[in-house]
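The values are calculated or read from the model by the stated rules, or taken from the named source; none is laboratory data. Please read all numbers here as calculations on a predicted model, not as lab measurements. FYI the Cβ positions are ideal-geometry reconstructions off the backbone, even for glycines, and counts take in every protein chain you see. Accessible surface is based on the protein model in full, side chains and every heavy atom, while ligands, DNA and RNA are left aside. Shrake-Rupley method; radii C 1.70, N 1.55, O 1.52, S 1.80 Å.
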Amino acid sequence: MQLEELLAQAKALPSIPRVVSEVSAELNTEEPDARRISEAIATDPALTARLLKLANSAFFGLSREILSVQDAVNILGFNQLRTTVQAVALGRSFKAVPGVNLEQFWRYSLNSAKICRTLARSMRLNEGAAFTAGLVHAVGDLVLHIGLPEEIGRIDWSVSPFDMKRAEAERAVLGYTYADVSAAFAAKWDFPELIVRALQHQLLPFEGDIYEPLAGIVHMAAWRARAQEINLDRAGMAATFPEVVALLLGLDLDMVLDKDPSDWTSAGELSAFLG
């Protein structure tokens with residue numbers, strides 16, 4: 001199946017929820033209105049409940065309890081609120097995916113997001129955009145499992161979704177990868193163009209005339225989170241380390257490992273995605 005055919009499947013590529021679209025539209029204005037945002041979120045009780053659950057989890061590590069949507073808007077700030085609303089919506093849109101352990105998938109994705117954020121901070125890039133890009137960089141894997149269960153099942157049998165060679169295996173069979181699908185998903189959900197480009201170029205962030213530092217950060221974070229997921233030791237990480245991307249970002253192995261999360265993602269942090 002061609003990429004265009006996959007993306008045309010309603011079951012594979014869920015539409016952006018109305019309330020998420022409304023919140024995103026308001027956040028994209030020059031002066032977002034906190035009251036309007038709060039009112040839009042409050043029209044969806046399930047979203048409100050899961051938003052508060054996620055905001056109060058170790059995911060953010062806030063020092064005080066968030067008791068209302070208005071609290072969430074005021075404390076999280078607009079950039080973090082966008083990420084939180086999108087994260088909750090993602091969890092609701094992909095409730096069950098054939099052949100995918102969603103707890104493992106979201107753990108890997110959250111770990112990637114955390115590493116993206118710390119790498120972006122060290123490079124003085126947009127931390128919120130980096131976190132969001134890391135969080136959704138592999139959502140194309142879910143879309144592929146829904147839209148092409150038999151083809152992806154055969155790939156899963158020979159190459160684990162967290163294997164460093166996964167993208168190569170997908171391209172060899174399908175002609176495209178989860179990264180292409182992730183970028184298309186982000187575009188459909190009205191993610192900022194910066195994030196769409198990062199997802200589109202995450203596998204080859206500096207090829208030819210392409211120079212996408214955020215894509216490079218996603219590439220590096222995904223490598224590190226995969227290494228964590230498959231329990232690579234130091235020798236294994238050294239052998240698989242993406243040196244070219246690291247060099248162009250001004251990083252080395254020790255510098256990347258230094259950006260590991262202080263706490264890798266826990267079961268409690270995943271509850272808003274899985275509940």
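Here are some notes:
- Heavy-atom accessible area per residue - the chain, 1.4 Å, Å²: 45
- The Cα center of segment 198-253 and the Cα center of segment 149-185 differ in position by 18 Å.
- For segment 1-77, the set of GluC sites (Glu not before Pro) satisfying both a DSSP loop assignment and a count of at most 13 other C-beta atoms within 10 Å is given as E30, E65.
- Think of each Lys and Arg Cβ as +1 and each Asp and Glu Cβ as -1; about the Cα centre, that makes the dipole of the chain roughly 540 debye.
- Choice from V143, V244, V97 with maximal GNM fluctuation in the chain (Cα, 10 Å cutoff): V244
- Over segment 102-263, the hull volume per residue, using the convex hull of the C-alpha atoms, is 116 Å³.
- Whether segment 68-174 is rounded, prolate or oblate, judged on the alpha carbon gyration tensor where a/c under 1.5 counts as rounded: oblate
- Label positions at L257 and T240, each projected 7 Å from the Cα along the C-beta direction, are separated by 1.5 nm.
- With the simple model of a label 7 Å out from the Cα in the direction of the Cβ, K188 to L67 spans 4.1 nm.
- Segment 1-142, accessible surface, carbon-and-sulfur percent (1.4 angstrom probe): 48
- Here segment 17-90 has an Rg and Dmax of 11.1, 31 Å, counting Cα atoms alone.
- Among S15, S57, S158: highest mean-square fluctuation, GNM of the chain, C-alpha pairs under 10 Å: S158
- Loop-located trypsin sites (Lys or Arg not before Pro) in segment 48-107 whose Cβ has at most 11 other Cβ within 10 Å (DSSP): R64, K95
- The chain: DSSP helices with Cα axial extent of at least 20 Å and average Kyte-Doolittle hydropathy no lower than -1.0: 69-93, 102-123, 213-229
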